[in-house]
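Okay, so here's the structure we're looking at.
The values are calculated or read from the model by the stated rules, or taken from the named source; none is laboratory data. Predicted, not measured: the structure shown is a model, and the values here were computed from it. Note that each Cβ is placed from the backbone with ideal geometry, even for glycine, and that neighbours are counted across all protein chains shown. Keep in mind that these areas ignore ligands, DNA and RNA; they rest on the heavy atoms of the full protein, side chains included. Shrake-Rupley method; radii C 1.70, N 1.55, O 1.52, S 1.80 Å.
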Amino acid sequence: MKKKLLLLSAILLLGTAAFAQSQKSMLYSKDPQLAKNKKLVYDFWRSVLEAGHLELAPQYMTETYIQHNPNVPTGRQGFLDFFSKFAKARPIVDTIKGPLIAIVAEGDRVVLSFKAVNRDPKDPSKTYTTTSFEMLRVENGKIAEHWDSALKE
């Protein structure tokens with residue numbers, strides 16, 4: 001039993017390290033500006049959105065941040081007002097928690113692609129896998145705009 005537990009622990013530890021390494025490799029770009037933009041978005045996502053450290057938002061976001069999600073107000077203050085209703089600060093971890101598939105950067109845009117598992121609307125006992133996307137625009141070293149496919153709630 002102890003051997004199985006040790007083996008399982010080792011597999012989980014190695015899997016976590018591999019996951020962290022694979023996310024870190026997504027930050028690479030031959031273009032140093034694109035790599036910098038990817039890292040900015042990656043750090044924002046981990047620190048502000050996932051870890052709930054809203055006090056760090058000014059470090060990552062322009063004051064005039066434009067939000068295209070119909071459920072979240074535009075402007076950095078609108079973002080803060082919205083997320084402060086349910087964000088709880090937690091430790092910032094080294095990787096994005098969501099099942100990140102890719103980080104793609106072109107020009108001033110960075111796209112995060114995530115695996116999403118949803119309930120089948122025709123049979124709620126089943127699920128299906130799809131992909132979701134978040135696109136952010138970087139301006140002068142800060143996040144200035146965000147798009148996603150959210151529908152109005």
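Debye calculation, C-alpha points only, no solvent: report log10 I(q)/I(0) for the chain at q = 0.09, 0.11 Å⁻¹, in the same order as the q values.
Evaluating at q = 0.09, 0.11 Å⁻¹ gives log10 I(q)/I(0) of -0.35, -0.52.
Residue by residue through the range 133-141, what is 3J(HN,Hα) from phi via Karplus (6.51 cos²θ - 1.76 cosθ + 1.60, θ = phi - 60°)? Round to whole Hz and write x for glycine and proline.
Calculated HN-Hα couplings, in order: 10, 10, 10, 10, 9, 9, 9, 6, x Hz.
Relative to the longest principal axis of the C-alpha atoms of the chain, give the angle of the C-alpha long axis of helix 2-26, reported between 0 and 90° and rounded to the nearest 10°.
30 degrees
Quick check on the chain: helices-only [θ] at 222 nm, where DSSP H runs of length 4 and up contribute -39,500 (n - 2.57) each and the sum goes over total residues. Nearest 500, please.
-10500 deg cm²/dmol
Using only alpha carbon pairs under 8 Å that are at least six residues apart, calculate the relative contact order of the range 81-153 and give it in whole percent.
Relative contact order comes out at 20 percent.
Kindly rank 124-135, 46-57, 140-151 from highest to lowest mean number of other beta carbons found within 10 Å of each residue.
Going by the mean number of other Cβ atoms within 10 Å, highest first, we get 46-57, 140-151, 124-135.
Treating the beta-carbon of each Lys and Arg as +1 and of each Asp and Glu as -1, no other charges, what is the dipole magnitude of the chain about its Cα centre, to the nearest 20 debye?
820 debye
Sort 83-95, 107-119 by packing, meaning the average of other beta carbons within 10 Å per residue, with the highest value first.
Ranked from most to least packed, the peptides come out as 107-119, 83-95.
Take a quick pass over the range 25-107 and tell me how many lysine pairs come in under 25 angstrom between Cα atoms, counting only ones 8 or more apart or on separate chains.
9
What net charge do the residues around residue 53 carry, taking every other residue with its C-beta under 13 Å from that of residue 53, with Lys and Arg at +1 and Asp and Glu at -1?
Taking every other residue near residue 53 into account, the sum is 0.
Would you mind calculating the relative contact order of the chain from Cα pairs under 8 angstrom and at least 6 residues apart, reporting the percent as a whole number?
Rounded, it is 24 percent for the chain.
Give me the net charge for the shell around residue 28: Cβ to Cβ below 12 angstrom, other residues only, Lys and Arg +1, Asp and Glu -1.
Spelling it out: positives minus negatives among the neighbours equals +4.
Once the other residues with Cβ under 9 Å from the Cβ of residue 128 are scored (Lys, Arg +1; Asp, Glu -1), what is the net sum?
So the surrounding residues net to +1.
Protein chains only, probe 1.4 Å: how do 120, 31 rank by accessible area, largest first?
Most to least solvent-accessible, the answer reads 31, 120.
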